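K.L.:
Supplied in structure tokens, the structure appears directly below.
The values are calculated or read from the model by the stated rules, or taken from the named source; none is laboratory data. All of these numbers come straight from a predicted model, not from anything done at the bench. All Cβ positions, even for glycine, are placed from backbone atoms using ideal geometry, and neighbour counts span all protein chains on display.
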């Protein structure tokens, strides 16, 4: 199945190193191989393979290689300086594509030796927009219940999708986290993971989770940061002109795999909406160089709107998500009226679209299908 990022990746490879990052089993290796078909001589090397590791360390791939694909390279000690050396010294026809599950910014904390030498492409699960030309793109319920990861989404039965999720989740919690950082209390981080599954859509109190798991709030934050780094969850912070102040407030936590969300249909739909908006904004950042982020709005008095798109730290649009409510949210009216904001209410089950008081009431499938990614 064709993925839209290929065209831009091929273009970027002519200029710099390209990183494809994203969740486990989202299709990064497949995308790398598909990209390789656009070049005459492509070599794929996986650092987890002992034989490939020797080739990587010795730089002994064929001299005729046009595209070099390096998978799981972040597990190599000193990989940033290694890449810098290869990129700076090898013949310019050599193009380098690197894939990995863990976030590039986490692994770059030790230094900036690759500064100015790479483009990052964040690959997320399938979205309605990405599959707008495929019949499956019309099945919004499939996205909500199974999530957009290729294997469960394309599985023939719901049972096959559930079996994949059970095996994949166990691997995420054990193997991937152990590779990322030495965690001895697997029971505690598993409990944090399960609590987050049940709290999608609500501001997360680190202190509350700490009490439930009998660990410190600092440890809760550390565990959530690990889950973020491995693209298991993502946080949506409350909007504030003071960015530091916004980060200190309680975030909302969502999952990259919609199938992991526990709760009612409303919670599952809100997670789907959050992920769709995040993917759209990642596209604007990665492919257009824009400064934008997904936030939510909340006052000290508790008035809240589910999401807002912040561009250059100014609210571009306030968004409320509803499963089947055709009445425009009073909180959305309040914020749009007081601060002169563009407002939109996205509804899963809606008979008639309309505009009232400058706020658009739109069908979810139509809205998300029209996003560019």
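K.L.:
Applying the selection to the range 265-277, what residues are over 17 Å from residue 203 (Cα atoms) and in contact with a strand residue (DSSP E or B) (Cβ under 7 Å, 6 or more places away or on another chain)?
P.N.:
277, the sole residue that qualifies.
K.L.:
Might you check whether a residue that is at pLDDT below 95, touching a strand residue (DSSP E or B) at 6+ places or on another chain (Cβ under 6 Å) and closer than 23 Å to residue 187 by Cβ occurs anywhere in the range 220-227?
P.N.:
Within the range 220-227 (the criterion being at pLDDT below 95, touching a strand residue (DSSP E or B) at 6+ places or on another chain (Cβ under 6 Å) and closer than 23 Å to residue 187 by Cβ), the answer is yes, since at least one residue qualifies.
K.L.:
Quick one: which strands (runs of 3 or more DSSP E) sit completely within the range 315-365 and have at least 1 residues that are closer than 21 Å to residue 268 by Cβ? Can you show your working first?
P.N.:
Numbers: elements: 343-347, 354-356, 359-363.
Ranges flagged: 343-347, 359-363.
K.L.:
Using the structure shown, decide if residue 207 is in a helix (DSSP H, G or I) and at pLDDT 95 or above.
P.N.:
Numbers: in a helix (DSSP H, G or I): yes; at pLDDT 95 or above: yes.
Against the criterion (in a helix (DSSP H, G or I) and at pLDDT 95 or above), residue 207 qualifies.
K.L.:
Another question, then. Which of the residues spanning the range 132-181 are part of a loop (DSSP other than H, G, I, E, B), in contact with a helix residue (DSSP H, G or I) (Cβ under 8 Å, 6 or more places away or on another chain) and without any contact (Cβ under 8 Å) to a residue 12 or more places away in the chain?
P.N.:
155
K.L.:
Only one of these is surrounded by 13 or more Cβ atoms within 10 Å (Cβ to Cβ) and not assigned by TED's automatic domain parsing to the domain that holds residue 279: 63, 77, 25. Name it. Talk me through it step by step, then tell me what you get.
P.N.:
On the way: 63 fails: surrounded by 13 or more Cβ atoms within 10 Å (Cβ to Cβ); 77 fails: surrounded by 13 or more Cβ atoms within 10 Å (Cβ to Cβ).
The conditions single out 25.
K.L.:
Another question, then. Mind checking which pairs have a first residue in the range 1-12 that is in contact (Cβ under 8 Å) with a residue 40 or more places away in the chain and a second that is in a helix (DSSP H, G or I) and surrounded by 15 or more Cβ atoms within 10 Å (Cβ to Cβ), Cβ under 6 Å, 6 or more apart or different chains?
P.N.:
Qualifying pairs under 6 Å: 3/31; 8/287; 9/35.
K.L.:
Here's another thing I want to ask about it. May I ask you to verify whether residue 104 is surrounded by 13 or more Cβ atoms within 10 Å (Cβ to Cβ), in contact with a strand residue (DSSP E or B) (Cβ under 8 Å, 6 or more places away or on another chain) and either modelled with pLDDT under 80 or not assigned by TED's automatic domain parsing to the domain that holds residue 16 (or both)?
P.N.:
Values: surrounded by 13 or more Cβ atoms within 10 Å (Cβ to Cβ): yes; in contact with a strand residue (DSSP E or B) (Cβ under 8 Å, 6 or more places away or on another chain): yes; either modelled with pLDDT under 80 or not assigned by TED's automatic domain parsing to the domain that holds residue 16 (or both): yes.
Answer is yes for this residue.
K.L.:
Confirm whether residue 280 is touching a strand residue (DSSP E or B) at 6+ places or on another chain (Cβ under 9 Å) and under 21 Å from residue 126 (Cβ atoms).
P.N.:
Values: touching a strand residue (DSSP E or B) at 6+ places or on another chain (Cβ under 9 Å): yes; under 21 Å from residue 126 (Cβ atoms): yes.
For residue 280, the condition - touching a strand residue (DSSP E or B) at 6+ places or on another chain (Cβ under 9 Å) and under 21 Å from residue 126 (Cβ atoms) - is met.
K.L.:
Could I ask something else about it? If I ask for residues that are touching a residue at least 24 places away in the same chain (Cβ under 8 Å) and either more than 22 Å from the chain's Cα centre (by Cα) or over 20 Å from residue 358 (Cβ atoms) (or both), which ones from the range 297-321 would you list?
P.N.:
Keep residues of the range 297-321 that are touching a residue at least 24 places away in the same chain (Cβ under 8 Å), which gives 297-298, 303-310, 313, 315-321.
Correct list: 298, 303, 304, 313.
K.L.:
Anything in the range 49-69 that is in contact with a helix residue (DSSP H, G or I) (Cβ under 7 Å, 6 or more places away or on another chain) and under 30 Å from residue 153 (Cβ atoms)? List them, or say none.
P.N.:
67, 69
K.L.:
Which members of the range 332-361 meet the condition of being surrounded by 18 or more Cβ atoms within 10 Å (Cβ to Cβ) and closer than 30 Å to residue 142 by Cα?
P.N.:
Of everything in the range 332-361, those that are surrounded by 18 or more Cβ atoms within 10 Å (Cβ to Cβ) and closer than 30 Å to residue 142 by Cα turn out to be 332, 343, 344, 345, 346, 347, 348, 350, 359, 361.
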